[in-house]
Amino acid sequence: MSKPFRIGLAGLGTVGAGVVKIIQKNGHLLEKRAGRPIEIAAVSAKDRTRDRGVDLSAYDWVEKTGDLANYKDLDAVVEVIGGSEGPAADLVRASLKNGRHVVTANKALLALHGDELANLADEKGACLMFEAAVAGGVPIIKAMREGLAANEIKSIYGILNGTCNYILTTMRQTGRSFDDVLKEAQAQGYAEADPAFDIDGIDAAHKLCILAAIGFGVKPDFKSLSIEGIRHINTTDIAYATEFGYRIKLLGIARRENGKILQVMEPCLVPIESPMGIIDDVYNAVYVEGDFVETPLFTGKGAGQGPTASSVVSDLIDLARGHRLPAFGIPAKDLKAAVWADPGETVNSYYLRLMVLDRAGVIADVSAILRDKNISIEGLVQRGRDPGQPVPVIITTHETRHADMMAACELIEKLDCCVEKPRAMCIEEL
Ligand SMILES: NC(=O)c1ccc[n+]([C@@H]2O[C@H](COP(=O)([O-])OP(=O)(O)OC[C@H]3O[C@@H](n4cnc5c(N)ncnc54)[C@H](OP(=O)(O)O)[C@@H]3O)[C@@H](O)[C@H]2O)c1
């Protein structure tokens, strides 16, 4: 029998327990595919007594997670603890320093420290693998690093957070408010008790940062990303977007613009029948534009035990086969510091929602501000009448500089007829 590929598993929560289940259930299949058995030698988590619904009796329990970095005869360490700092980061660093391969699902760690870790891996002849870190069960890292390697990537668009997509889909389908649907998502286990990472766009931005690094050969640079979440989206936005032929999606965009790279995470309107418009519920999708392949779309479940653990184990099979690749597709020393495009200079059509008092002269005041900021109105809708009371006014614009739109919103907010912060979302005609 070929020598087993031995792993140490750090973290036995949702993903870690899923990895154990796959290796226990599909062991024979994995052995055939990898050419050798994949064997869990040691495991570690915080609480040894916790029932995880899997039999761990055959594995050595390692009390101090960091000791897996030096544990005898391991071929790889799997880190599924999470967090950009602390025990997960310490273990990954120490394992790579020892020349030990690492498989992780930790997008926060990669977005913040990916450059340093990829360099460390290259220096020590180890591999840093992270298929599970982006879009759960969708093999997008493999697709971008290998399947699309012949192409110059022009743009990447992603729906990268299943919780946000579920909230936006459910609001549309049921007419319920953001807060109401968020509570339901928490009760169903889609959103964390503190959902900020999801709904403020941070989790999705971590993933976009990783995709941009692979797609454009640049150092992952989370701090340069412009991020806006979905807290402010209301049922008026959803209803008007549908009426105009659009869906609202939290969209990650990374694209080449005039020799620079634009990297933004923000809610956008996309056409209902477009590749991103058709992605609903907890599904994720990544749409890539390459110079020869054109526009493949990758979609599937972006989180959950089965899909995420499936991606972790696929990395283990690759390693057991002897497949070796640099973390971000090219040697880490060749990753460039990107020249990032200023999101303020991007040009798009916009959807603008105002809550203004229903009285004479309001539209004239708003129009004057838009005119002064060089913004041309494509359409304007104000339904119903409620004299003296706030009513929604929805405006769509022709192509407009982002900075001009933001400046116009600030001026409109100062009008005494304006009772809520104006909200602008760009329209991406994908
Ligand atoms: N869940 C998903 O659908 C999903 C999808 C994609 C990526 N990911 C990523 O996968 C990673 C794990 O996520 P998860 O959902 O599996 O998290 P989880 O269910 O909270 O599990 C975390 C595990 O880490 C262990 N742990 C926490 N602090 C520790 C410490 N100081 N020392 C040792 N072990 C510690 C916990 O031990 P105890 O069990 O003893 O408390 C638990 O087993 C994260 O990076 C996450 O972003 C998750």
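The values are calculated or read from the model by the stated rules, or taken from the named source; none is laboratory data. Just so you know, these numbers come straight off a predicted model, no measurement behind them. We place every Cβ from the backbone using ideal geometry, glycine too, and count neighbours over all the protein chains shown.
So which helices (runs of 4 or more DSSP H) are wholly in the stretch 118-219 and hold at least 3 residues that are modelled with pLDDT of 95 or more and of a type in the set (S, T, N, Q)? Quick ask: steps written out before the conclusion?
Details: elements: 162-174, 178-187, 196-199, 202-216.
Of the helices (runs of 4 or more DSSP H) lying wholly inside the stretch 118-219, those with at least 3 residues that are modelled with pLDDT of 95 or more and of a type in the set (S, T, N, Q) span 162-174.
Within the stretch 1-49, restricting attention to residues that are away from the ligand (no atom under 16 Å from the Cβ) and in a loop (DSSP other than H, G, I, E, B), which residue is farthest from F130 (Cα to Cα)?
It comes out as M1.
Being under 20 Å from the mean Cα position of the chain (by Cα) and part of a loop (DSSP other than H, G, I, E, B) is the filter here, so list the residues in the stretch 77-109 that pass it.
Passing the criteria: V80, I81, G82, G83, S84, E85, A105, N106.
For the stretch 1-53, give me the residue count where each residue is touching a residue at least 40 places away in the same chain (Cβ under 8 Å), closer than 18 Å to V80 by Cα and not basic (K, R).
16
Checking L74 against (1) of a type outside the set (V, I, T); (2) closer than 24 Å to A118 by Cα; (3) not in a loop (DSSP other than H, G, I, E, B): exactly one of these is not met. Which one?
Condition not satisfied by L74: (3).
Within the stretch 131-145, is even one residue of a type in the set (G, A, S), more than 9 Å from the ligand (Cβ to nearest atom) and more than 19 Å from S311 (Cα to Cα)?
No, the conditions are met nowhere in the stretch 131-145.
Tally up the residues in the stretch 220-243 that are part of a helix (DSSP H, G or I) and small (G, A, S), please.
So the answer is 3.
I need the full set of residues from the stretch 80-122 which are aliphatic (A, V, I, L, M) and more than 14 Å from G11 (Cβ to Cβ), in order please.
Going residue by residue through the stretch 80-122, those that are aliphatic (A, V, I, L, M) are 80-81, 88-89, 91-92, 94, 96, 102-103, 105, 108-112, 117-118, 120-121.
Those that are aliphatic (A, V, I, L, M) and more than 14 Å from G11 (Cβ to Cβ): A94, L96, L110, A111, L112, L117, A118, L120, A121.
Condition check ((1) outside the structural domain of Y287 (by TED's automatic domain parsing); (2) of a type in the set (K, R); (3) surrounded by 19 or more Cβ atoms within 10 Å (Cβ to Cβ); (4) within 28 Å of G259 (Cβ to Cβ)) across all residues:
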| residue | (1), (2), (3), (4) |
| --- | --- |
| R100 | yes, yes, yes, no |
| A126 | yes, no, yes, no |
| K154 | no, yes, no, yes |
| Y157 | no, no, yes, yes |
| Y166 | no, no, yes, no |
| V181 | no, no, yes, no |
| Y190 | no, no, yes, no |
| A193 | no, no, no, no |
| F197 | no, no, no, no |
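Spot the failing condition for L74; the list is (1) more than 22 Å from the chain's Cα centre (by Cα); (2) within 16 Å of the ligand (Cβ to nearest atom); (3) among the aliphatic types (A, V, I, L, M), and only one is missed.
Of the numbered conditions (1) more than 22 Å from the chain's Cα centre (by Cα); (2) within 16 Å of the ligand (Cβ to nearest atom); (3) among the aliphatic types (A, V, I, L, M), the odd one out for L74 is (2).
Can you tell me which residue among K301, K260, K336, K249 is at pLDDT below 95 and of a type in the set (D, E, K, R)? Reasoning before the result, please.
Numbers: K260 fails: at pLDDT below 95; K336 fails: at pLDDT below 95; K249 fails: at pLDDT below 95.
Residue meeting the stated conditions: K301.
May I ask you to verify whether R321 is surrounded by fewer than 21 Cβ atoms within 10 Å (Cβ to Cβ) and not assigned by TED's automatic domain parsing to the domain that holds I40? Explain how you work it out, then say what you get.
Numbers: surrounded by fewer than 21 Cβ atoms within 10 Å (Cβ to Cβ): yes; not assigned by TED's automatic domain parsing to the domain that holds I40: no.
Spelling it out, it is not the case that R321 is surrounded by fewer than 21 Cβ atoms within 10 Å (Cβ to Cβ) and not assigned by TED's automatic domain parsing to the domain that holds I40.
So which of I369, I375, I394 is at pLDDT 95 or above and in a loop (DSSP other than H, G, I, E, B)?
Values: I369 fails: in a loop (DSSP other than H, G, I, E, B); I394 fails: in a loop (DSSP other than H, G, I, E, B).
When all the criteria are applied, what remains is I375.
Look at the stretch 201-226 and say how many of its residues are among the hydrophobic types (A, V, I, L, M, F, W, C), within 16 Å of the ligand (Cβ to nearest atom) and touching a residue at least 60 places away in the same chain (Cβ under 8 Å). Spell out how you get there, then give the answer.
Of the residues in the stretch 201-226, the ones among the hydrophobic types (A, V, I, L, M, F, W, C) are 202, 204-205, 208-214, 216, 218, 222, 225.
From the residues that got through so far, the ones that are within 16 Å of the ligand (Cβ to nearest atom) too are 202, 204-205, 208-211, 222.
Those still in the list that are touching a residue at least 60 places away in the same chain (Cβ under 8 Å) too: 204-205, 209-211, 222.
Going through the stretch 201-226 one residue at a time, the tally reaches 6.
Which residues, taken from the stretch 50-71, are exposed (fewer than 15 other Cβ atoms within 10 Å of the Cβ) and more than 9 Å from the ligand (Cβ to nearest atom)?
D51, G53, D55, S57, A58, D60, W61, E63, N70 - these are the residues of the stretch 50-71 that are exposed (fewer than 15 other Cβ atoms within 10 Å of the Cβ) and more than 9 Å from the ligand (Cβ to nearest atom).
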